[in-house]
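Below is one structure; the comments refer to it alone.
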Amino acid sequence: MTKWAGSPLAFGSALILVIAWGLSGPAFGYSETWQLVINTGTTIVTFLMVFLIQQSQNKDGEALHLKLDELLIALKGADAGLVDVERLDEDKLLALAAACSARARSQRRKRTRKGRPGRRSAS
């Protein structure tokens, strides 16, 4: 359904409906009921599209997480504890983020220390 809703056919169909509605205005005397038809229709379509878009984003997000999980599983030295991390509650996720940041800072310091003794001044 989400693929069809974003297709050129769906856009063309919506465009034809809006043009037909606009052209029918003189026949209905541009009445309030005539205006209410398009207002109600667009409101309903917009409301339903919110759910279609959210469903599509959920599916894309899940697929991305599965791909990242596969990479974590396949890489040697990767922290396998990060697989399915998106399913943790917010407090555990924040704690894990802080631990990862601390580990990254520690690794940067180690690399910096290793690089200093071997350097010679340019003078």
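Since every read-out is calculated from the coordinates, none of them should be taken as a lab result. Model, not experiment: these values are computed from the prediction. Cβ sites come from the backbone with ideal geometry, for glycine too, and all protein chains shown count toward neighbours.
A few points about this structure:
- Placing pseudo-labels 7 Å out from each Cα toward the beta carbon at residue 97 and residue 76 gives an inter-label distance of 3.3 nm.
- Considering only 4, 112, 83, and ranking their Cα positions along the charge dipole of the chain that arises from unit charges at the beta-carbon of Lys, Arg, Asp and Glu, the one farthest toward the positive end is 112.
- Computed over the range 19-123, the quotient of the alpha carbon radius of gyration and 2.2 N^0.38 Å is 2.19.
- When you filter the chymotrypsin sites (Phe, Trp or Tyr not before Pro) in the range 1-77 for DSSP loop state and at most 15 other Cβ atoms inside 10 Å of their Cβ, you are left with 30.
- FRET efficiency, 1/(1 + (r/R0)^6) with R0 41 Å, evaluated for residue 54 and residue 105 via beta carbons: 0.65
- Excluding exposed DSSP-loop trypsin sites (Lys or Arg not before Pro) (at most 12 other C-beta within 10 Å), longest clean stretch of the chain: 1-75
- Candidate cross-link partners of residue 67 among the lysines, defined by an alpha-carbon separation under 29 Å and a same-chain spacing of 8 or more, comprise 3, 59, 76, 92.
- Choice from 54, 35, 107 showing the highest fluctuation, given a GNM over the chain with Cα pairs closer than 10 Å: 107
- Computed FRET value (nearest 0.05) for residue 39 with residue 88, which takes r as the C-beta separation and R₀ as 35 Å: 0.20
- For the chain: relative contact order, % (alpha-carbon pairs under 8 angstrom, 6 or more apart): 14 percent
- Scanning the chain for long hydrophobic helices, with DSSP H runs required to stretch 18 angstrom or more by C-alpha along their axis and to average at least -1.0 on the Kyte-Doolittle scale, returns 8-23, 32-74.
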